[in-house]
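The values are calculated or read from the model by the stated rules, or taken from the named source; none is laboratory data. Here the structure is a predicted model, which means the values were calculated and not measured. Reconstructed Cβ throughout: ideal geometry from the backbone, glycine too, with neighbour counts over all protein chains shown. Note: areas computed on protein heavy atoms with side chains; ligands, DNA, RNA excluded. Shrake-Rupley method; radii C 1.70, N 1.55, O 1.52, S 1.80 Å.
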Amino acid sequence: MNLKFWGVRGGIPTPGPQTVKFGGNTSCLELEFRETQRRIIIDAGSGIRQLGNRLMQNKTDKNCISADLFLTHTHLDHILGLPFFAPIYLPDTDLRIYGPVTCEEEPLEFVIGAQLSYRYFPVRQAELAANIEYLNLQEGHFDLGDGIKLVTKYLNHPLLCLGYRFEYRGKSICTAYDTEPFYNVFSTDTNDPSYDEAMAKEGELAAQIENSRIEDFIRDANILIYDAQYLQDEYETGRAGWGHASIEYAIETARRSQAETLILFHHDPMRTDSEIDELSDRFCQPKHTADTQVLFAREGMVIDI
Amino acid sequence: MLDAPSKADTCLKRIRIYIARMPSLSTTVTKVLETCNNPKASPNDLNRVISLDPVLAGQVLRLINSAYYGLPNPITSLTRAIIMLGLNTVKNLALSFAILETMSGKGAFRVFSVNDFWAHSLCVAVAARHLAMVKGASVSSREDFFIAGLLHDLGKIPLNKQFPDQYRRVLDESCNAQRPLQDLERELLGIDHCSVGELIAQKWQLGANLIQSLGYHHKPDNVSQTNRPFVTLVALANSYANLLKIGTAGDVAENHHPIISYLLEQSGLDWKILKNLGDQVLEAIEKAKIFLEISHKG
């Protein structure tokens with residue numbers, strides 16, 4: 001299989017001279033299974049536009065476009081490219097869109113479709129020509145056919161967000177973004193008037209358990225694509241609770257889980273190419289990363305697995 | 001020819017529809033709205049306000065247990081559920097149910113007072129937690145007893161809301177004839193609050209202890225051996241709350257003393273245990289009232 005990065009940026013597309021090297025498009029990954037012609041897309045950030053254009057270029061009258069699109073969650077930077085994904089305007093395109101439901105239990109079609117209404121976009125969802133099927137996902141194990149297995153796991157983000165683990169012929173690719181470490185949100189300060197001992201202790205324990213469940217989910221992955229929006233000191237200065245992890249935490253977690261290759265992903269919109277180059281020098285050297293290879297995701301990067 | 005649907009079937013159909021959008025209690029709704037709309041509200045306050053509302057507590061546990069996969073045991077702790085789901089998700093969920101209540105504008109209950117129901121539920125919760133402590137339960141498992149106590153009468157909400165006229169008769173006849181409420185519910189509605197509660201707990205995947213507590217808190221002897229000690233303590237807390245008459249959920253008819261004696265014996269406890277419990281329960285309820293009333297004053 002081939003893994004291609006079409007968008008690696010978090011938050012908002014960031015075009016400009018300072019993001020030429022690593023790219024300014026928001027999240028979109030493509031997983032192509034050469035033998036079975038299956039295509040899995042993860043997220044529909046702005047990167048999906050160019051993926052769509054490539055698919056259109058390669059399309060002939062005899063082969064229609066077919067893909068499974070897995071949305072990690074429905075925050076805007078992960079879905080805003082969908083209206084510009086050209087294959088959705090072709091009647092012979094088959095697209096299955098999977099994603100987690102929100103706590104309000106509104107169907108995925110409604111959540112995604114909200115941006116395809118006249119107030120936001122000139123084409124309504126009902127006017128799309130492609131055959132689109134929406135499938136709500138929860139945590140679980142799924143057989144996608146053609147020997148492809150999927151495991152899903154809820155992450156820690158301000159909206160229900162799924163990590164995906166695709167397994168095929170003994171190899172695994174795992175996504176763990178957008179997420180941050182679980183931590184005890186309840187007060188541990190005994191002077192706090194709302195302090196509650198039982199709540200404080202259970203909060204600590206629950207956070208530990210959930211972090212270890214995430215590590216079990218990513219364990220031994222051949223490719224681990226992990227949220228690394230911040231540096232640890234940035235994370236600790238007012239960004240806890242925003243649903244993104246630090247580079248340092250991503251590396252520690254990948255090493256503990258014995259991931260083979262860690263790809264640091266979802267770069268902060270403020271991070272420039274030169275800064276990422278510096279961070280590569282600082283964090284991606286084998287002396288720091290031991291048995292886990294670490295690299296920063298770059299738009300256009302292709303990995304053969 | 002098809003048989004006409006039974007009274008119970010007709011009731012159940014309406015109840016099932018109602019359960020999906022059951023509103024939170026008006027007693028807690030103002031505090032829920034205040035806490036969830038305030039970005040700086042403390043997570044402790046969020047946890048606390050949810051733990052004071054049987055419907056909200058149940059809805060949070062429903063979400064966690066229906067969405068997550070592969071958990072070795074159902075999650076019955078609100079603290080853990082909030083950590084796992086995240087503060088925003090829980091706030092959104094709480095708001096959606098609080099808004100349902102605001103929109104209905106009629107209060108959750110039509111027959112007996114929602115405040116009395118709330119006080120009774122909280123009384124059973126606090127008493128069950130205390131009894132569990134006396135029995136040596138760990139700090140975290142005591143919270144399971146609290147939740148079971150808080151939720152035990154959840155089945156009365158759909159009956160009360162969906163069949164107010166019939167339920168008024170159930171209460172009146174139970175009081176006049178001094179017969180157990182659940183017997184009259186079955187006679188007049190075809191189903192009792194225990195069965196409705198069990199249905200809710202099953203639908204929300206709340207786990208065996210909670211399912212059995214909601215279904216059998218009037219008949220703990222009918223519970224499987226594994227869950228019987230748990231349900232017996234919840235039943236004891238319920239009878240004790242009825243004896244104290246702190247709040248009410250309509251159970252006015254029973255002679256509570258022999259039931260309490262029997263349940264104490266089954267639990268390996270005696271009346272001395274209950275001696276100071278009343279003060280603790282009253283104190284907990286007063287604290288909760290202050291916590292909720294602060295919001296009413298803005």
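Kindly indicate which of A:K153, A:K149 is in a strand (DSSP E or B), surrounded by 20 or more Cβ atoms within 10 Å (Cβ to Cβ) and more than 8 Å from chain B (Cβ to nearest Cβ).
Numbers: A:K149 fails: surrounded by 20 or more Cβ atoms within 10 Å (Cβ to Cβ).
One residue alone meets the criteria, A:K153.
Quick one: is A:N136 farther than 30 Å from A:D304 by Cβ, part of a strand (DSSP E or B) and within 14 Å of chain B (Cβ to nearest Cβ)? When the stated conditions are applied, A:N136 passes them. Residues in region B:39-89 that are in contact with a Ser or Thr (Cβ under 7 Å, 6 or more places away or on another chain) and β-branched (V, I, T): B:V49, B:V55. Scan region B:12-27 and tell me whether some residue there is more than 11 Å from chain A (Cβ to nearest Cβ), aromatic (F, W, Y) and more than 15 Å from the chain's Cα centre (by Cα). The answer is yes; a qualifying residue exists. Looking at A:I214, A:I223, just one residue is touching a Ser or Thr at 6+ places or on another chain (Cβ under 9 Å), under 23 Å from B:I82 (Cα atoms), at pLDDT 95 or above and aliphatic (A, V, I, L, M), and that residue is A:I214. Going through region A:156-191 one residue at a time, which ones are of a type in the set (V, I, T), surrounded by 19 or more Cβ atoms within 10 Å (Cβ to Cβ) and part of a loop (DSSP other than H, G, I, E, B)? A:T179, A:V185 - these are the residues of region A:156-191 that are of a type in the set (V, I, T), surrounded by 19 or more Cβ atoms within 10 Å (Cβ to Cβ) and part of a loop (DSSP other than H, G, I, E, B). For beta carbons closer than 7 Å, sequence separation of 6+ or different chains, a first residue in region A:175-187 that is more than 8 Å from chain B (Cβ to nearest Cβ) and a second that is open to solvent by less than 10 Å² (accessible area, probe 1.4 Å) and among the hydroxyl-bearing types (S, T, Y), the qualifying pairs are A:T175/A:T72; A:T175/A:Y164; A:A176/A:Y226; A:Y177/A:T72; A:Y177/A:Y226; A:D178/A:T72.
Residue by residue, here is whether (1) in a loop (DSSP other than H, G, I, E, B); (2) hydrophobic (A, V, I, L, M, F, W, C); (3) buried (at least 19 other Cβ atoms within 10 Å of the Cβ) holds:
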| position | (1), (2), (3) |
| --- | --- |
| A:L3 | no, yes, yes |
| A:G24 | yes, no, yes |
| A:I41 | no, yes, yes |
| A:D77 | no, no, yes |
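Within the option set B:N37, B:N73, B:N65, being open to solvent by 10 Å² or more (accessible area, probe 1.4 Å) and farther than 23 Å from B:A208 by Cα holds for one residue only, B:N37.
Of the residues making up region A:202-225, those that are away from chain B (no Cβ under 14 Å) and touching a Phe, Trp or Tyr at 6+ places or on another chain (Cβ under 6 Å) number 1. Taking the criterion of being assigned to a helix (DSSP H, G or I), within 19 Å of A:M199 (Cα to Cα) and small (G, A, S), the residues of region B:109-151 that qualify are B:A125, B:A127, B:A128, B:A132, B:S140, B:S141, B:A148, B:G149.
Within region A:79-102, the set of residues being within 14 Å of chain B (Cβ to nearest Cβ) and open to solvent by 10 Å² or more (accessible area, probe 1.4 Å) comprises A:V101, A:T102. Regarding B:P54, is this residue open to solvent by 10 Å² or more (accessible area, probe 1.4 Å) and more than 12 Å from chain A (Cβ to nearest Cβ)? The answer is no for B:P54.
Taking the conditions exactly as written (under 24 Å from A:Y154 (Cα atoms) and among the hydrophobic types (A, V, I, L, M, F, W, C)), does A:A290 satisfy them or not? Against the criterion (under 24 Å from A:Y154 (Cα atoms) and among the hydrophobic types (A, V, I, L, M, F, W, C)), A:A290 does not qualify. When A:E109 is tested against the conditions (1) open to solvent by 70 Å² or more (accessible area, probe 1.4 Å); (2) among the acidic types (D, E); (3) more than 30 Å from B:L95 (Cβ to Cβ), the lone failure is (3).
Matching residues to (1) assigned to a loop (DSSP other than H, G, I, E, B); (2) among the aromatic types (F, W, Y); (3) more than 22 Å from A:I12 (Cα to Cα):
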residue	(1), (2), (3)
A:M56	no, no, yes
A:T60	yes, no, yes
A:D68	no, no, yes
A:L80	yes, no, no
A:P87	no, no, yes
A:G99	no, no, no
A:L116	yes, no, no
A:P122	yes, no, no
A:I132	no, no, yes
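Within region A:226-248, the set of residues being within 14 Å of chain B (Cβ to nearest Cβ), on the phi < 0 side of the Ramachandran plot and not hydrophobic (A, V, I, L, M, F, W, C) comprises just one member, A:H244. The residues listed here are B:I211, B:I246, B:I191; of these, the one that is closer than 22 Å to B:R14 by Cα and in a loop (DSSP other than H, G, I, E, B) is B:I191.
Would you please name the residue that is farthest from B:A128 (Cα to Cα), looking only at residues in region B:212-241 that are touching a residue at least 60 places away in the same chain (Cβ under 8 Å) and polar (S, T, N, Q)? Across region B:212-241, the extreme among qualifying residues is B:S213. Taken over region B:117-164, the residue count meeting the criterion of being surrounded by fewer than 24 Cβ atoms within 10 Å (Cβ to Cβ), within 14 Å of another protein chain (Cβ to nearest Cβ), farther than 15 Å from B:V231 by Cβ and in contact (Cβ under 8 Å) with a residue 12 or more places away in the chain is 3.
Taking every residue in region A:12-35 that is under 11 Å from A:G47 (Cα atoms) and pairing it with any residue that is open to solvent by 10 Å² or more (accessible area, probe 1.4 Å) and of a type in the set (S, T, N, Q), at least 6 positions away or on another chain, the pairs with Cβ-Cβ distances below 7 Å are A:P13/A:N25; A:P13/A:S46; A:G24/A:T14; A:N25/A:S46; A:T26/A:S46. For region B:48-62, a residue qualifies if it is outside any loop (DSSP other than H, G, I, E, B) and closer than 21 Å to B:Q205 by Cβ, and the qualifying residues are B:I50, B:S51, B:P54, B:V55, B:L56, B:A57, B:G58, B:Q59, B:V60, B:L61, B:R62.
The set of residues in region B:192-203 that are of a type outside the set (G, A, S) and either free of Cβ contacts under 8 Å to residues at least 60 places away in the same chain or surrounded by fewer than 24 Cβ atoms within 10 Å (Cβ to Cβ) (or both) comprises B:D192, B:H193, B:C194, B:E198, B:L199, B:Q202, B:K203.
Could you list, in sequence order, all residues of region A:43-64 that are in contact (Cβ under 8 Å) with a residue 40 or more places away in the chain and open to solvent by 10 Å² or more (accessible area, probe 1.4 Å)? If you could, list the steps in order and put the result at the bottom.
Going residue by residue through region A:43-64, those that are in contact (Cβ under 8 Å) with a residue 40 or more places away in the chain are A:44, A:47-48, A:50-51.
Selection gives A:Q50 alone.
Only residues that are out of contact with any Ser or Thr (no Cβ under 8 Å at 6 or more places or on another chain) and among the hydroxyl-bearing types (S, T, Y) were counted across region A:21-60, and they come to 2.
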